[in-house]
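Have a look at the structure below, then the notes.
Bear in mind that the values in this text are calculations on the coordinates, not laboratory data. Just so it is clear, the structure is predicted and the values come from calculations on it, not from any experiment. Positions of Cβ are generated from backbone atoms using ideal geometry, with glycine treated the same way; all protein chains shown enter the neighbour counts.
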Amino acid sequence: MMTRDYHIEMIQMMENAGRSLACLARQMLEGDVLDRPIVVLAGRGNNGGGGFVAARHLHNWGAWVQVLCTHDAGAYGDAPAHQLTILQAIDVPTSWADEGWELPPCDLIIDAISGVGLRGSPHGRARDLILLANSSLAPVLSLDGPSGLDLDGGNLYDPYVQATATMTLALPKRGLLAESAGTARGDLYLADVGVPQQLYERLGIAVESLFSARAVIRIEVSEGIATISENDPHLE
């Protein structure tokens with residue numbers, strides 16, 4: 001409906017998501033990313049594209065960004081491929097699946113490996129990256145949901161990312177609110193990706209002024225119900 005009825009393209013939503021993710025990452029690093037090492041783990045879907053956008057902004061803000069991809073450049077299509085091309089043009093260091101896997105020391109890991117549509121346990125390089133993320137002492141910020149979590153039903157596949165914080169998009173996904181997701185999602189944030197008010201209304205969802213104060217808000221979850229949090233340590 002976003003594209004068909006409102007002419008808002010995926011690449012626009014991806015840009016909004018990635019910039020918000022970069023802003024939250026900056027706040028998790030005490031408001032300044034200058035010379036801070038950050039690793040972005042990116043799958044080949046739209047989640048990976050959002051990770052590429054975040055990597056670009058963080059690089060532009062002075063962070064030392066390293067991107068690790070689950071596939072080589074030719075496996076990315078459409079909007080994610082476009083975002084990857086930009087990273088290559090501005091010389092953001094990028095590693096491919098056939099180069100071996102080492103997680104460099106860093107102050108933050110961004111998990112953009114998998115998102116909506118995951119069915120079954122991660123495998124191949126996606127599995128490798130999840131295991132690397134969980135083996136690190138660095139905090140992990142996941143995009144939309146921790147990789148390895150079924151965002152529809154809340155099933156935790158093996159393996160799954162154990163996130164310090166998760167920034168989901170537009171509305172909290174049902175799977176994030178499940179009791180089982182509590183060990184994976186960490187602190188939960190919600191980001192505006194440009195969904196028109198009219199679309200929320202068509203879906204019967206009352207979200208008036210949800211993002212009136214900021215584009216990313218903290219969400220509390222209790223017994224499967226999401227509410228806006230008054231305790232917002234990273235977005236003061």
Report the label-to-label distance for Thr227 and His82 in nanometres (one decimal), using points 7 Å from each Cα along the Cα→Cβ vector.
4.1 nm
Linear extension gain, Ser121 paired with Asn134, 0.36 nm per residue minus alpha-carbon span:
3.1 nm
Dipole of the chain, Cα-centred, from +1 at each Lys and Arg C-beta and -1 at each Asp and Glu C-beta, to the nearest 20 debye?
340 debye
Potential lengthening between Ala89 and Glu201 on full extension [0.36 nm per residue; Cα-Cα distance subtracted]
36.3 nm
Fraction of beta bridges assigned by DSSP in the chain that are antiparallel (%, nearest 5):
25 percent
Helix 124-135 sits at what angle to the longest principal axis of the chain, using alpha carbons and giving 0 to 90 degrees rounded to 10?
80 degrees
Averaged across orientations, what area in nm² does the convex hull of the alpha carbons in the chain project?
12.2 nm²
Which of the listed residues, Val33, Leu210, Leu103, is farthest toward the dipole's positive end in segment 10-228, when Lys, Arg count +1 and Asp, Glu count -1 at the beta-carbon?
Leu210
Cα centroid separation - segment 29-71 against segment 171-230, whole Å:
23 Å
Within 10 Å, count the other beta carbons around each residue, average over each peptide in 18-31, 83-96, and list them highest first.
18-31, 83-96
Give me the number: length gained by fully extending Asp152 to Arg174, i.e. 0.36 nm times residue separation minus the C-alpha to C-alpha distance, one decimal in nm.
7.4 nm
Residues other than Val33 with Cβ under 10 Å of its Cβ, Lys/Arg counted +1 and Asp/Glu -1, net out at -2
